[in-house]
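Q: Before anything else, here's the structure in question.
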Ligand code: SF4
């Protein structure tokens, strides 16, 4: 019977190489990618198609958000709770592995690549949190780590695994060349929780609204942001922002505004407090008028708004 491996998979070069190492040891590899407002599965979808391996995509926003707000092992450099996040992901992966009768669980992590979560102690701790001690294989750095149960049981040949360590990408690029892999995506993008600018916005949001959920977090990705009391005002900077605001817009919790007679940016008010609504509407109208080159400096313009509330306002 063919051996089966499940790999927690971001779609970047490390996870592609780790999957390829497993394929070369005759495993049928299934990739597992988690999705939240902070990271998506787009890169991973492309990479799994190229690798011709099965792909499971799992949405984990609700549970993951609890960890982001209150991580028992703290944050890395930004708002990234990598140790608890990985512990949680591997715990879920372990369950999926059992349900599907998969023999081995792996990840593309490299020892020492990230100081907070990929040192030896942290890797051990993550296994403990996940309830998977010695049962997470890291093919790219396995030779620098204690033997896993899979190696001891003879399921996989340790000699064919690698000994990468540290931040340099050179060994990975050399291995990609050896394997003739040329389709890996750029390292840019990835998890927004490691982005300093986004982390600042997120921290600020949690200070205002500890209960914030997905819609408010998605709004942090777009446009110019202002507070009006407890309500967030967002103004699009360009066409892309305007489109993103339309995509994120919810008529249950927000209003959208635009100039009635001129082109200009779209604005969104997320209504967390009815008491602060008039203040937020006034601020949004002022900002839209200011950021439209057609209306800046005019005496008065009309704006229309719709969504949770509907009407016209003058500014
Ligand atoms: S970088 Fe983001 S997704 Fe990855 S472990 Fe850290 S918090 Fe989780």
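Q: Looking only at residues that are closer than 21 Å to residue 25 by Cβ and buried (at least 18 other Cβ atoms within 10 Å of the Cβ) in segment 128-137, which one is nearest to the ligand (Cβ to nearest atom)?
A: My answer is 136.
Q: Give segment 182-197 a look and list any residue that's in contact (Cβ under 8 Å) with a residue 24 or more places away in the chain and either surrounded by 17 or more Cβ atoms within 10 Å (Cβ to Cβ) or within 16 Å of the ligand (Cβ to nearest atom) (or both), or say none.
A: 184, 185, 187, 189, 190, 191, 192, 193, 194, 195, 196
Q: Looking at segment 1-51, which of its residues are more than 18 Å from residue 194 (Cβ to Cβ) and part of a strand (DSSP E or B)?
A: 3, 4, 5, 6, 7, 27, 28, 29, 30, 31, 32, listed by residue number.
Q: Of 121, 98, 172, which residue is in the same structural domain as residue 26 (by TED's automatic domain parsing) and buried (at least 18 other Cβ atoms within 10 Å of the Cβ)?
A: Testing whether each residue is in the same structural domain as residue 26 (by TED's automatic domain parsing) and buried (at least 18 other Cβ atoms within 10 Å of the Cβ) leaves just 172.
Q: Please name all residue pairs, on different chains or six or more residues apart, with Cβ atoms under 9 Å, provided the first residue is in segment 112-130 and is on the phi > 0 side of the Ramachandran plot and in contact (Cβ under 8 Å) with a residue 24 or more places away in the chain and the second residue is assigned to a helix (DSSP H, G or I) and within 13 Å of the ligand (Cβ to nearest atom).
A: Hits for this filter: zero, empty list.
Q: Between a residue in segment 31-48 that is in the same structural domain as residue 89 (by TED's automatic domain parsing) and more than 23 Å from residue 104 (Cα to Cα) and any residue that is away from the ligand (no atom under 12 Å from the Cβ) and assigned to a strand (DSSP E or B), which pairs come within a Cβ distance under 8 Å, given they are 6 or more apart or on different chains?
A: Close Cβ pairs satisfying both conditions: 36/59.
Q: Go through segment 48-65 and give me each residue that's touching a helix residue (DSSP H, G or I) at 6+ places or on another chain (Cβ under 9 Å) and within 16 Å of the ligand (Cβ to nearest atom).
A: Of everything in segment 48-65, those that are touching a helix residue (DSSP H, G or I) at 6+ places or on another chain (Cβ under 9 Å) and within 16 Å of the ligand (Cβ to nearest atom) turn out to be 57, 58, 60, 61, 62, 63, 64, 65.
Q: While we're on this one: Could you list, in sequence order, the residues of segment 96-122 that are modelled with pLDDT of 95 or more and within 12 Å of the ligand (Cβ to nearest atom)?
A: Residues satisfying the conditions are 107, 108, 109, 122.
The values are calculated or read from the model by the stated rules, or taken from the named source; none is laboratory data. Computed from a predicted model, the values in this text were never measured in an experiment. Neighbour counts are summed over all protein chains in view; Cβ atoms, including those assigned to glycine, are modelled from backbone coordinates with ideal geometry.
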